[in-house]
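What follows is one structure encoded as structure tokens, with my remarks underneath.
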Amino acid sequence: MVRLVVPVVALVAFSRVVVAQEPRAYVGGTFNFVTQTHSSEEPLGGTTPGGSAVFGVRVSPRVAIEFEPSFGGAYSWEYTYVTGVSGFYAHVIASRRDTFFPVQARIRMGVLEPVVGVAFVHGKISRHATLVINGRTYFDDSRSDNDPALVTGLDAALKLTSRVCVVPTLRMLVLPRGPKPVSDPLGEQTSTGSFVFRYGIGARVAF
């Protein structure tokens, strides 16, 4: 029994020493591209440049908890229609910009680091219409929406020094989105698909 207990105690003590000796906290940033999926019934989507930051704390030698806010550019589309009252043509620009706020766990597996978590997604949607005949504003619609999302991903931590890494990164976010009803024209014309992919490269510094 003593022969079994002593190695276990020694292993736990050694793990705590390792965690105490290695840097526990880290920060970083990434330049990336954000691809928003969509279908023929979901008019907004495509790929825009974006960026992210990361703030993390290791809770064990292999697991860290982190906050990784990120953003991308705006998605938009345009159309023209005949107004019902005056018979003039109106030109409409519908757009959406999302900001992501994930809380996630990072698992160290050597160079590869899987990531899994949940996110709060804040979106700003709008429609701006002008009369073609004179360029005057016909209407402006805007609002914010908030959605939950699941986050998964994979990073590769390529060490430059004991504290600095170059990090190629890939994320997939799954949101409960889809076509909106015709009774909500702003939501209908700014709807997107349920999947967002983010991929890029950045750096991380431990301290």
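Kindly provide the set of residues from the range 78-89 that are assigned to a strand (DSSP E or B) and farther than 30 Å from Val34 by Cβ, ordered by number.
Our first condition is that a residue be assigned to a strand (DSSP E or B); within the range 78-89, this holds for 78-82, 89.
Answer for the range 78-89, where residues must be assigned to a strand (DSSP E or B) and farther than 30 Å from Val34 by Cβ: Val82, Tyr89.
In the range 184-207, of all residues being among the β-branched types (Val, Ile, Thr) and farther than 30 Å from Ser142 by Cα, the one that is surrounded by the fewest Cβ atoms within 10 Å (Cβ to Cβ) corresponds to Ile201.
Applying the set (1) outside any strand (DSSP E or B); (2) over 19 Å from Ala25 (Cα atoms); (3) without any contact (Cβ under 8 Å) to a residue 60 or more places away in the chain to Pro179 leaves exactly one unmet item: (3). Here the range 77-113 is the region considered, the condition is being within 19 Å of Ala156 (Cβ to Cβ) and touching an Asp or Glu at 6+ places or on another chain (Cβ under 7 Å), and the residue that is surrounded by the fewest Cβ atoms within 10 Å (Cβ to Cβ) is Ile107.
Entry remark, the range 173-183: residues being at pLDDT 95 or above and either surrounded by fewer than 16 Cβ atoms within 10 Å (Cβ to Cβ) or of a type in the set (S, T, N, Q) (or both) number 1 in total.
Taking the conditions exactly as written (among the aromatic types (Phe, Trp, Tyr), surrounded by 13 or more Cβ atoms within 10 Å (Cβ to Cβ) and modelled with pLDDT of 95 or more), does Phe71 satisfy them or not?
On the way: among the aromatic types (Phe, Trp, Tyr): yes; surrounded by 13 or more Cβ atoms within 10 Å (Cβ to Cβ): yes; modelled with pLDDT of 95 or more: yes.
The answer is yes for Phe71.
When you look at Thr192, is it assigned to a loop (DSSP other than H, G, I, E, B), β-branched (Val, Ile, Thr), touching a His at 6+ places or on another chain (Cβ under 9 Å) and under 18 Å from Ala74 (Cβ atoms), yes or no? Yes: the conditions hold for Thr192. Among residues of the range 137-155 that are over 20 Å from Thr83 (Cβ atoms) and surrounded by 15 or more Cβ atoms within 10 Å (Cβ to Cβ), those with a Cβ under 7 angstrom from a residue that is of a type in the set (S, T, N, Q) and at pLDDT 95 or above, sequence gap 6+ or separate chain, pair up as Val151/Gln104; Gly153/Thr169; Asp155/Thr169. Note on the range 124-136: among residues that are free of Cβ contacts under 8 Å to residues at least 60 places away in the same chain and touching a Lys or Arg at 6+ places or on another chain (Cβ under 7 Å), the one that is surrounded by the most Cβ atoms within 10 Å (Cβ to Cβ) is Thr130.
Once the range 148-200 is narrowed to residues that are basic (Lys, Arg) and under 16 Å from Gly123 (Cα atoms), the residue that is farthest from the chain's Cα centre (by Cα) is Lys180.
One line per residue, one yes/no per condition, for (1) among the basic types (Lys, Arg); (2) in a strand (DSSP E or B); (3) at pLDDT below 95:
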{"position": "Phe101", "(1), (2), (3)": "no, yes, no"}
{"position": "Ala119", "(1), (2), (3)": "no, yes, no"}
{"position": "Gly123", "(1), (2), (3)": "no, yes, no"}
{"position": "Ile133", "(1), (2), (3)": "no, no, yes"}
{"position": "Asp145", "(1), (2), (3)": "no, yes, yes"}
{"position": "Pro148", "(1), (2), (3)": "no, yes, no"}
{"position": "Asp155", "(1), (2), (3)": "no, yes, no"}
{"position": "Pro168", "(1), (2), (3)": "no, yes, no"}
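The values are calculated or read from the model by the stated rules, or taken from the named source; none is laboratory data. Keep in mind the model is a prediction, meaning the values are calculated, not measured. As a convention, Cβ positions derive from the backbone with ideal geometry for all residues, glycine included, and neighbour counts pool all protein chains shown.
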